[in-house]
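Down below is the structure, laid out as C-alpha cells.
The values are calculated or read from the model by the stated rules, or taken from the named source; none is laboratory data. It should be emphasised that the depicted structure is a prediction, and the values quoted were computed from it without experimental measurement. Backbone-built Cβ (ideal geometry, glycine too); neighbour counts: all protein chains shown. The accessibility values were calculated without ligands, DNA or RNA, using every heavy atom of the protein model including side chains. Shrake-Rupley method; radii C 1.70, N 1.55, O 1.52, S 1.80 Å.
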Amino acid sequence: TQLLEQSPQFLSIQEGENLTVYCNSSSVFSSLQWYRQEPGEGPVLLVTVVTGGEVKKLKRLTFQFGDARKDSSLHITAAQPGDTGLYLCAGALGAGNMLTFGGGTRLMVKP
Amino acid sequence: EAGVAQSPRYKIIEKRQSVAFWCNPISGHATLYWYQQILGQGPKLLIQFQNNGVVDDSQLPKDRFSAERLKGVDSTLKIQPAKLEDSAVYLCASSLTSGSYNEQFFGPGTRLTVL
C-alpha cells in the first residue's frame, strides 16, 4: 500500500477536454508537490503547496491542497497534446524536503 | 545553468553481475538523492546525502546496494549482485539544501535492465 494514492492511474482524453487528477493519503503532509515527467526524462516540479486549502494556478493548471493537508488535486482546463505525460504528486511528512511519491497518473491528450 | 548529469543512460546486464551509476549534481547543491523508479510506479527514495554524509538510507537494500558521495560532489550508486527485480530507472536529484520546500532537480535517469 502506497502512502500517497493517485487516481486515476491512466487517463486518455481529447484535446480541449477538462480533467482532474487526485492524490490522497491518510497522512498529514507539511507540503505537497506536483511533478510532470516525460519519457526518458526526470520529473520536473510544477508547484509546491504548503497551506491547507491553498489553491495555486499555473496557466491552465489549478492545484489545490486539502484543508487537512492530506490530499490534493490537479485540474487541467482545455487540455492540449503538450500536456501529455506522467503526473506525480509527492509529499513531505516533516521538516526537510524528503519526499514520498505517489504512483502517478499517466495522461494522454489526443489531438 | 547545467542540470543534473547521469551516466550511463542505459545499461543491460545479466543477473548476479555488478553495475555502477554516476551522478553529477548541479554545482553548489549540497543535497543529493538517489531514487529507484520501477516501470509504472512513482520514484522511491533510496538514499539522501547532505554534502558527503548520509541523511537517510532506510530504503536502500544494503545487502546489494551501496552509494557514496566522496568530496560531497559527484556520487556513485552500485548494485552487486544484481537481481531481476532491480530492473528500473535510477534517478539522481539534487537540491540547494535539505530544508523545507527546497526544489529537487532531477537528472534524466539511468535505465537498467537485468536479464
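Could you check how many residues of the range B:1-53 are of a type in the set (A, V, I, L, M, F, W, C) and more than 21 Å from A:Leu45 (Cβ to Cβ)?
Number satisfying all stated conditions: 8.
Residues that are in contact with a strand residue (DSSP E or B) (Cβ under 8 Å, 6 or more places away or on another chain), at pLDDT 95 or above and assigned to a loop (DSSP other than H, G, I, E, B): does the range A:86-100 have at least one?
no
Which count do you get for residues in the range A:85-97 that are surrounded by 19 or more Cβ atoms within 10 Å (Cβ to Cβ) and more than 20 Å from A:Ile13 (Cα to Cα)?
So the answer is 6.
What single numbered condition from (1) closer than 28 Å to A:Glu38 by Cβ; (2) more than 14 Å from chain A (Cβ to nearest Cβ); (3) open to solvent by 40 Å² or more (accessible area, probe 1.4 Å) fails to hold for B:Arg69?
Only one criterion in (1) closer than 28 Å to A:Glu38 by Cβ; (2) more than 14 Å from chain A (Cβ to nearest Cβ); (3) open to solvent by 40 Å² or more (accessible area, probe 1.4 Å) is unmet by B:Arg69, namely (3).
Determine whether B:Ser87 is surrounded by fewer than 20 Cβ atoms within 10 Å (Cβ to Cβ) and either within 22 Å of B:Lys11 (Cβ to Cβ) or within 13 Å of chain A (Cβ to nearest Cβ) (or both). Give the derivation first.
Numbers: surrounded by fewer than 20 Cβ atoms within 10 Å (Cβ to Cβ): yes; either within 22 Å of B:Lys11 (Cβ to Cβ) or within 13 Å of chain A (Cβ to nearest Cβ) (or both): yes.
Here the answer is yes, as B:Ser87 does meet what is asked.
Can you tell me which residue within the range A:1-47, out of those that are open to solvent by less than 30 Å² (accessible area, probe 1.4 Å) and closer than 26 Å to B:Leu112 by Cβ, is nearest to the other protein chains (Cβ to nearest Cβ)?
Per the criteria, the residue is A:Gly42.
Do we find a residue being surrounded by 18 or more Cβ atoms within 10 Å (Cβ to Cβ) and touching a residue at least 60 places away in the same chain (Cβ under 8 Å) anywhere in the range A:48-60?
No, the range A:48-60 contains no residue that is surrounded by 18 or more Cβ atoms within 10 Å (Cβ to Cβ) and touching a residue at least 60 places away in the same chain (Cβ under 8 Å).
If we only count strands (runs of 3 or more DSSP E) wholly inside the range B:1-70, which ones have 3 or more residues that are closer than 25 Å to A:Leu86 by Cα?
Hits in the range B:1-70: B:5-7, B:10-13, B:19-24, B:31-37, B:44-50.
Working only within the range B:90-114, note down all residues that are of a type in the set (Val, Ile, Thr) and either open to solvent by less than 30 Å² (accessible area, probe 1.4 Å) or away from chain A (no Cβ under 14 Å) (or both).
Once the filter is applied, which keeps residues that are of a type in the set (Val, Ile, Thr) and either open to solvent by less than 30 Å² (accessible area, probe 1.4 Å) or away from chain A (no Cβ under 14 Å) (or both), the range B:90-114 yields B:Thr110, B:Thr113, B:Val114.
Go through the range B:8-40 and report how many residues are within 14 Å of chain A (Cβ to nearest Cβ), loosely packed, with under 14 Cβ neighbours inside 10 Å and not aliphatic (A, V, I, L, M).
Adding up the residues that qualify gives 4.
Please work out which one of (1) open to solvent by 30 Å² or more (accessible area, probe 1.4 Å); (2) out of contact with any Phe, Trp or Tyr (no Cβ under 8 Å at 6 or more places or on another chain); (3) of a type outside the set (Asp, Glu); (4) on the phi < 0 side of the Ramachandran plot is the condition A:Arg106 fails and give its number.
(2)
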